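Structure first, commentary second.
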Amino acid sequence: MALELYQIVILISIGALVGISISFIGQTGLGIVLPIVLLFTGDVFLAIAINLLNDLITAAFVSIGYLRKRQFKIRVDIFMMMIIAVFISFFGVFILMITPLGRIFGWFVPIFVMILGIIFLKRGFPTYESVKKMVQNMARKTVKKAKSEEELAELNKKIAEQLASETDTIQGFISRDSRLFFILAIIFGIIIGLNSGLFGASSGLFFVLALVILYGYPLKKGVGTALILSIIIGLCTFSFYQIFGITIKGRFFFNFELSFYLAIGSIISGIIASTYIQKLSAKTMGRAVGFIIFILGSLALAFYFIP
């Protein structure tokens, strides 16, 4: 499809918002990219696939800063969760292709995007501090309940030290030999797989939560590692869309022009935002992007019902 000049400007601007979004704890650009591609093409499969590719490219560039500072650590036991996520993603894409779910997503996804926009309007982007609080609350619920105020204070201290740690030592809150560890690994794997396969999201935030709570990563190292894992799951899911696209639908779900102009904006803003991320107001940026997401979702929903 030949793009008009205004469409190119919109795509680069939308891509820039994705770069900023992903810089905040690996947040996906789903809510921004998907509705705009739906507006331009009316193809939900193409919109999901392009969002996956754009998230993958942006995460690769944003992760450079974390890689330089060695704020990442890939461990063998993480791949139990990853294998589950890839497996679920595979079947999620397959089911989306062969069932009426794909047609339902034409109106369901814009509604989901509008809800996401409302959440951003209210809370802004997830930040290091908000994720810290989320991790602390979830960690307290997953470990044995403290019987006294002293034990609770000791647990809070341990959580705070682990989150802020700059060392390479990683000790989880949950024993790796426990049943709870395997149950949570399976749950996180399923959530990440469904999120990626059905919605085309990079699942960066879910990866961060899993790495910190389940595997005991310090927060910064968790974010850096989550970006790498997001690239892996994004690449796998994007490949599934192409494989099933050609075998079931008879075509690839890829558009060079749309992907190229989105990537330009995402890469530039992603590198800048990841460098100066602490100077940005997550609440203000989140509200601005939330407003845009809500408008885009509303337009995508309206034009879905206009022949």
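Couple of notes before you dig in:
- Taken as a whole, the structure leaves Ala160 outside the set of residues that are at pLDDT below 85, within 24 Å of the chain's Cα centre (by Cα) and in a helix (DSSP H, G or I).
- For the stretch 174-209, taking the residues that are among the hydroxyl-bearing types (Ser, Thr, Tyr) and crowded, with 19+ Cβ neighbours inside 10 Å, the one that is farthest from Cys236 (Cα to Cα) is identified as Ser203.
- Of the residues making up the stretch 59-71, one or more are touching a helix residue (DSSP H, G or I) at 6+ places or on another chain (Cβ under 7 Å), outside any helix (DSSP H, G or I) and within 27 Å of Ile268 (Cα to Cα).
- Residues in the stretch 196-223 that are under 22 Å from Phe181 (Cβ atoms), among the small types (Gly, Ala, Ser), touching a residue at least 60 places away in the same chain (Cβ under 8 Å) and not in a helix (DSSP H, G or I): Ser203 alone.
- Scanning the stretch 23-47 for residues that are under 26 Å from Gly102 (Cβ atoms) and at pLDDT below 80 gives Gln27, Thr28, Gly29, Leu30, Gly31.
- Some residue of the stretch 290-306 being touching a residue at least 12 places away in the same chain (Cβ under 8 Å), of a type in the set (Val, Ile, Thr), within 30 Å of Ser178 (Cα to Cα) and buried (at least 19 other Cβ atoms within 10 Å of the Cβ): no
- The listed residues are Ile10, Ile83, Ile50, and the only one of them that is over 25 Å from Phe105 (Cβ atoms), of a type outside the set (Gly, Ala, Ser) and either part of a loop (DSSP other than H, G, I, E, B) or at pLDDT 85 or above (or both) turns out to be Ile83.
- Filtering the stretch 251-266 for residues that are over 30 Å from Phe94 (Cα atoms), out of contact with any strand residue (DSSP E or B) (no Cβ under 7 Å at 6 or more places or on another chain), outside any loop (DSSP other than H, G, I, E, B) and modelled with pLDDT under 85 leaves an empty set.
- Single condition Val212 does not satisfy, out of (1) crowded, with 24+ Cβ neighbours inside 10 Å; (2) farther than 25 Å from Val289 by Cα; (3) at pLDDT 90 or above: (3)
- Residue pairs whose Cβ atoms lie under 8 Å apart, sitting 6 or more positions apart in sequence or on different chains, and linking a residue in the stretch 108-123 that is under 19 Å from Ile22 (Cβ atoms) to a partner that is among the polar types (S, T, N, Q), are Arg123/Ser130.
- Cβ-Cβ contacts under 9 Å between residues 6 or more apart (or on different chains), taken from a first residue in the stretch 63-84 that is within 22 Å of Asn195 (Cα to Cα) to a second residue that is at pLDDT 80 or above and in a loop (DSSP other than H, G, I, E, B), are listed as Asp77/Tyr215; Ile78/Tyr215; Met81/Tyr215.
- Residue within the stretch 140-149 that is surrounded by 15 or more Cβ atoms within 10 Å (Cβ to Cβ) and modelled with pLDDT of 75 or more present: no
- The sole residue among Phe79, Phe120, Phe90 that is within 19 Å of the chain's Cα centre (by Cα) and surrounded by fewer than 15 Cβ atoms within 10 Å (Cβ to Cβ) is Phe79.
The values are calculated or read from the model by the stated rules, or taken from the named source; none is laboratory data. Just so it is clear, the structure is predicted and the values come from calculations on it, not from any experiment. Neighbour counts run over all protein chains shown; Cβ positions are idealised from the backbone, glycine included.
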